[in-house]
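First up is the structure itself, then whatever we jot down about it.
The values are calculated or read from the model by the stated rules, or taken from the named source; none is laboratory data. Every value quoted in this text rests on a predicted model; they were computed, and no experiment measured them. Because the Cβ atoms are built from the backbone with ideal geometry, glycine has one as well, and the counts that use them run over all protein chains shown.
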Amino acid sequence: MRGIRIVILVAFAALVLSPLTAAAQVPSSPAAKASIEKELSQTPAAPQEVKPETQSAAPAPAVKPAKKVPEKRTETIVPAFSGIKERTAVFVFYVWLWLSIVVLIYFLRLWVKESDRVYHAKYYEPDESPRKANPMPPTLGD
Amino acid sequence: MKIDMKKVGAWFDDRLALTPIFKYMTKKEVPQHEHSIWYYTGSSILLFLAIQIVTGIMLALYYKPTLEGANDSVGRIMTDLPLGWLVRSIHSWSATFMIAFVLTHLLAIWFTKSYRKPREATWMTGMMLLVVSMVFGFTGYLLPWDDLSLSATKVGTNIPNAIPVVGKWVTQFLRGGDDVTGDTLTRFFLFHVCILPLVIFAILAVHILLVQKEGMSVPLEAEVKKKKVPALPFWPNFILREVMIWLVLLGTLLTVALVFAPTLGPSADMMAPAPAGVKPEWYFLFLFQTLKIFPGNMGPVTGEFVAVVLILVAIVAIFFLPFIDTKPEGKKGRIINYLGVLGLIYAIVFSIWSLL
Amino acid sequence: MRIDNAYFTRRKFLNSILGGWLGTLAVTFVSPIVKFVWPPYKEPDEVKLAFADFAGMKPGEVKGFPWGAKPGLLKRAEDGSFIAFIGVCSHLDCNVSWMADKKKFFCACHEGWYDENGMNIAGPPPKPLRRLETSVEGEDFFVRKPGAGAKA
């Protein structure tokens with residue numbers, strides 16, 4: 001019984017996969033290869049051809065004004081501030097950022113030290129029972 | 001009408017089970033020992049992932065994933081939008097930081113052997129996350145559509161071609177045809193902003209759940225000697241330390257992004273010869289160099305095929321590492337450690353070599 | 001710990017500083033993000049067109065021109081002067097069309113009607129079409145927001 005099932009399954013899989021393998025197979029005979037190459041060379045580079053059409057498809061008012069076609073950019077864009085105002089704002093922001101980091105770490109360290117001290121003093125554990133290591137949260141366990 | 005905030009809180013608590021989760025966080029303990037520092041790599045990855053999501057959404061507001069629009073829209077983001085170049089730079093640098101921390105996380109777990117039973121599945125989901133992160137980087141590299149990104153993508157998507165029968169099909173799937181075209185760009189964008197985020201969140205959820213389920217690993221020596229390792233509560237002792245590290249990492253990332261902002265080349269010309277110095281992202285360099293050193297033909301098969309098979313075997317072996325390293329405390333475990341060092345040296349040397 | 005006659009504890013004081021500083025830092029992060037997400041793109045104050053495109057219009061004829069991303073409508077009055085509108089319905093922002101046979105502007109979204117001077121005459125539009133000023137300066141034809149003035 002089981003053998004038959006496997007045979008049917010394999011046959012079905014082969015049926016499903018056959019279009020894929022056919023597509024992936026590389027023709028071995030030189031003649032077939034040549035014909036495919038010819039076919040490929042005749043296929044134009046599609047995305048470049050459709051370029052002007054996609055632009056004219058934009059919704060146009062009653063009269064479409066002559067729009068200047070932007071020239072293709074040839075130089076590399078180098079990141080830069082848009083002006084002295086932006087540069088100053090960014091500079092101030094970074095000073096503020098690092099100042100905040102220093103101050104916040106100072107306060108966080110106070111908190112950490114206090115938390116560690118409270119933990120080691122067993123402040124929240126009046127009983128001596130050993131803490132269970134890493135239990136599952138009750139909602140996820142059952 | 002006065003709203004009783006306590007009652008509102010209780011309503012949410014009742015439905016979302018917040019108290020048990022918070023109780024769990026206070027009960028959860030993080031062991032403290034000489035390798036504890038590596039625990040922080042995991043949360044650092046999450047920080048960079050969060051930054052990637054925020055800056056990624058910001059960039060996607062103005063990015064156009066088409067052959068005509070891609071390069072110009074990135075140019076517009078960099079020149080027209082307020083601090084757009086900085087947003088792009090943060091996205092790019094945060095990717096680098098994230099991959100670097102993912103690799104550090106992986107190496108730390110390799111050498112502390114934290115993948116050993118019962119954490120095999122955590123390791124395997126972690127490997128999946130590494131692969132997804134690298135695919136994120138690979139798909140993102142094409143999106144600015146300049147000469148370098150086009151060439152790198154051509155090389156990258158050509159690699160599966162080396163595998164007989166299936167490879168051609170994979171390459172066609174990646175490119176959306178025989179060549180890298182505007183269709184490739186559109187599907188890379190789709191992968192980058194839609195499919196991969198869904199995948200990474202699904203795997204990440206399992207990964208984090210497994211970490212919670214099994215708890216943090218303790219050093220191998222302590223486990224073998226059944227020694228009790230001192231620990232600190234996750235909340236607030238550990239998370240406050242994490243916040244401090246996040247702040248420093250955030251400041252470092254923003255400063256690096258400000259000083260070393262990436263430029264943008266002109267729109268890629270599909271007919272132009274490849275520009276000099278085509279390089280993939282730094283985390284692909286050693287694979288790039290590996291492909292380079294194999295000769296064109298090796299007997300009946302191509303050199304590329306041999307290289308690709310070797311790389312695939314290595315990835316699969318690393319994926320199943322917990323099942324290979326069955327005796328972490330024995331001789332086998334030591335050999336695995338040496339292999340890790342060897343792999344690290346290989347990756348570093350080959351990366352530097354590819355830059356020469 | 002509380003100092004005598006103090007209004008708050010040391011704990012409360014430190015927590016407020018930490019929380020306040022963290023909150024302020026978060027706000028400074030939000031502001032550049034907001035600026036990026038809502039960039040200051042506005043409709044133009046004036047557009048420059050070529051007068052040659054419109055010089056041949058007959059009285060009563062209506063031609064379109066781009067007013068930023070909105071359609072502008074230019075009508076030649078009976079006396080030969082130009083009247084410019086922004087061709088966007090004052091009701092819910094749909095683009096209107098010129099019905100030459102009825103000599104009215106029509107908004108198809110909710111059947112709003114404007115007369116040939118842009119006044120709302122039927123349907124839901126609450127206000128007339130927005131008017132723009134026109135001026136011919138040499139070969140250039142300027143359309144401006146009312147009160148924008150010449151910017152030479």
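Out of B:L232, B:L249, B:L254, which single residue is touching a residue at least 24 places away in the same chain (Cβ under 8 Å) and more than 7 Å from every other protein chain (Cβ to nearest Cβ)?
Every option except B:L249 fails the conditions.
Can you tell me which residues in the range B:325-348 are under 17 Å from B:L107 (Cβ atoms), over 21 Å from the mean Cα position of the chain (by Cα) and in a helix (DSSP H, G or I)?
If the condition is that a residue be under 17 Å from B:L107 (Cβ atoms), over 21 Å from the mean Cα position of the chain (by Cα) and in a helix (DSSP H, G or I), then B:G333, B:R334, B:I335, B:I336, B:N337, B:Y338, B:L339, B:L342 are the ones that fit.
Considering the range B:66-81 alone, what residues qualify as being surrounded by 16 or more Cβ atoms within 10 Å (Cβ to Cβ) and in a helix (DSSP H, G or I)?
Answer for the range B:66-81, where residues must be surrounded by 16 or more Cβ atoms within 10 Å (Cβ to Cβ) and in a helix (DSSP H, G or I): B:A70, B:N71, B:D72, B:S73, B:V74, B:G75, B:R76, B:I77, B:M78.
Would it be correct to say that B:S114 is modelled with pLDDT under 95, crowded, with 21+ Cβ neighbours inside 10 Å and outside any helix (DSSP H, G or I)?
For B:S114, the condition - modelled with pLDDT under 95, crowded, with 21+ Cβ neighbours inside 10 Å and outside any helix (DSSP H, G or I) - is met.
Going by the conditions given, is A:I105 surrounded by 15 or more Cβ atoms within 10 Å (Cβ to Cβ) and either in contact (Cβ under 8 Å) with a residue 24 or more places away in the chain or within 23 Å of B:G69 (Cβ to Cβ) (or both)?
Considered against the rule, which asks whether it is surrounded by 15 or more Cβ atoms within 10 Å (Cβ to Cβ) and either in contact (Cβ under 8 Å) with a residue 24 or more places away in the chain or within 23 Å of B:G69 (Cβ to Cβ) (or both), A:I105 comes out as no.
Among the numbered conditions (1) of a type outside the set (S, T, N, Q); (2) surrounded by 21 or more Cβ atoms within 10 Å (Cβ to Cβ); (3) touching a Pro at 6+ places or on another chain (Cβ under 8 Å), tell me where B:W93 comes up short.
Condition not satisfied by B:W93: (3).
Return the total of residues in the range B:284-313 being free of Cβ contacts under 8 Å to residues at least 40 places away in the same chain and either of a type in the set (S, T, Y) or surrounded by fewer than 13 Cβ atoms within 10 Å (Cβ to Cβ) (or both).
Total satisfying the criteria: 10.
Please verify whether C:E46 is at positive phi, touching a residue at least 12 places away in the same chain (Cβ under 8 Å) and among the acidic types (D, E), treating the condition exactly as stated.
Spelling it out, it is not the case that C:E46 is at positive phi, touching a residue at least 12 places away in the same chain (Cβ under 8 Å) and among the acidic types (D, E).
In the range B:1-65, which helices (runs of 4 or more DSSP H) lie fully inside it and hold 3 or more residues that are crowded, with 16+ Cβ neighbours inside 10 Å, away from every other protein chain (no Cβ under 14 Å) and not hydrophobic (A, V, I, L, M, F, W, C)?
Here the list reads B:39-60.
Output the residues belonging to the range C:1-38 that are away from chain B (no Cβ under 13 Å) and either exposed (fewer than 11 other Cβ atoms within 10 Å of the Cβ) or in contact with a strand residue (DSSP E or B) (Cβ under 9 Å, 6 or more places away or on another chain) (or both).
Matches in the range C:1-38: C:M1, C:I3, C:D4, C:N5, C:Y7, C:G20, C:G23, C:V27.
Of the numbered conditions (1) buried (at least 21 other Cβ atoms within 10 Å of the Cβ); (2) assigned to a helix (DSSP H, G or I); (3) not acidic (D, E), B:L198 fails exactly one; give the number of that condition.
(1)
Can you find, within the range B:317-345, the residue that is surrounded by the fewest Cβ atoms within 10 Å (Cβ to Cβ) among those that are closer than 16 Å to B:R116 by Cβ and small (G, A, S)?
This residue is B:G330.
All but one of (1) surrounded by fewer than 11 Cβ atoms within 10 Å (Cβ to Cβ); (2) within 21 Å of the chain's Cα centre (by Cα); (3) within 11 Å of chain A (Cβ to nearest Cβ) hold for C:Y41; state the number of the condition that does not hold.
Only one criterion is unmet by C:Y41, namely (3).
Just to verify a result, which residue in the range B:229-257, among those that are touching a helix residue (DSSP H, G or I) at 6+ places or on another chain (Cβ under 7 Å) and outside any helix (DSSP H, G or I), is surrounded by the fewest Cβ atoms within 10 Å (Cβ to Cβ)?
So the residue we want is B:V229.
If you check every pair at least six apart or on different chains, which have Cβ atoms under 8 Å apart with a residue in the range B:160-183 that is under 20 Å from B:S149 (Cβ atoms) and basic (K, R) first and a residue that is surrounded by 15 or more Cβ atoms within 10 Å (Cβ to Cβ) and at pLDDT 90 or above second?
Filtered contacts from the range B:160-183: B:R175/B:T157; B:R175/B:T181; B:R175/B:D183; B:R175/B:T184.
B:P322: assigned to a loop (DSSP other than H, G, I, E, B) and touching a helix residue (DSSP H, G or I) at 6+ places or on another chain (Cβ under 6 Å), yes or no?
For B:P322, the condition - assigned to a loop (DSSP other than H, G, I, E, B) and touching a helix residue (DSSP H, G or I) at 6+ places or on another chain (Cβ under 6 Å) - is not met.
Do we find that B:T122 is under 18 Å from the mean Cα position of the chain (by Cα), touching a residue at least 40 places away in the same chain (Cβ under 8 Å) and surrounded by fewer than 21 Cβ atoms within 10 Å (Cβ to Cβ) in this structure?
So B:T122 does not fit the description; no.
Filter the range C:82-126 for residues that are on the phi > 0 side of the Ramachandran plot and free of Cβ contacts under 8 Å to residues at least 40 places away in the same chain and give the result.
C:D93, C:E111, C:G118, C:G123 - these are the residues of the range C:82-126 that are on the phi > 0 side of the Ramachandran plot and free of Cβ contacts under 8 Å to residues at least 40 places away in the same chain.
Within the range B:168-187, is even one residue crowded, with 18+ Cβ neighbours inside 10 Å, in contact with a Gly (Cβ under 9 Å, 6 or more places away or on another chain) and of a type in the set (S, T, N, Q)?
yes
Answer yes if at least one residue in the range B:258-271 is among the acidic types (D, E), farther than 30 Å from B:K27 by Cα and either in contact with a helix residue (DSSP H, G or I) (Cβ under 9 Å, 6 or more places away or on another chain) or more than 10 Å from chain A (Cβ to nearest Cβ) (or both), and no otherwise.
The answer is yes; a qualifying residue exists.
Find the residue count for the range B:178-213, including only residues that are among the hydrophobic types (A, V, I, L, M, F, W, C) and within 14 Å of chain A (Cβ to nearest Cβ).
Result for the range B:178-213: 8.
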